[in-house]
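Asker: Can you keep this structure in mind? I'll have questions shortly.
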Amino acid sequence: MERDAGKLAGHIERLRNTFRANGRDPGGIAVRAVAPYVFREDGLADLDRTLKAVPAVIEADVTTVEFHPAWFATSDKDFDTILDGMTSIR
């Protein structure tokens, strides 16, 4: 799936337009996308930088953003911080 929010918005709009053109309600479309991960040099995803990139994906009309907490963690002790970050997005 496209990771660039600007390009993703165009794809979603084309999908909605296709629904409209065929007499279907585009409001019922659910679009899931994986979080736009930003990685650190050590290979782990950078939670703060990734979270800053998520609003653009939501603005692109994505309805569900999928996270993989293990990409941010070095131990189970990191999980609460990761969940707090994920749930801070509105």
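Asker: Calculate, in nm to one decimal, what ARG3 and THR81 gain on full extension: separation in residues at 0.36 nm each, minus their alpha carbon distance.
Answerer: Working: separation 78, 0.36 × 78 = 28.08 nm, distance 2.42 nm.
Stretched fully, the ARG3-THR81 segment lengthens by 25.7 nm.
Asker: When only alpha-carbon atoms are used, what values of Rg and Dmax, in angstrom, describe the stretch 5-87?
Answerer: When restricted to Cα atoms, the stretch 5-87 yields Rg and Dmax of 15.7, 50 Å.
Asker: Given Cβ point charges of +1 (Lys, Arg) and -1 (Asp, Glu) and nothing else, what value in debye, to the nearest 20, does the dipole of the chain about its Cα centre take?
Answerer: Working: 12 positive and 15 negative charges, 111 e Å.
Roughly 540 debye for the chain.
Asker: In Å and whole numbers, how far do the C-alpha atoms of the stretch 16-57 stretch along each principal axis, longest first?
Answerer: So the extents along the principal axes, rounded to whole Å, are 49, 16, 12.
Asker: Given the Cα-Cα distance of ASN17 and ARG40 and 0.36 nm per residue of separation, how much length would full extension add, in nm?
Answerer: On the way: separation 23, 0.36 × 23 = 8.28 nm, distance 3.77 nm.
Taking 0.36 nm per residue and subtracting the Cα distance, the gain is 4.5 nm.
Values in this text are rule-based calculations from the coordinates and carry no lab data. These figures come from a predicted structure and were not determined experimentally. Using ideal geometry, Cβ is built from the backbone for each residue, glycine included, and neighbour counts are taken over all protein chains shown.
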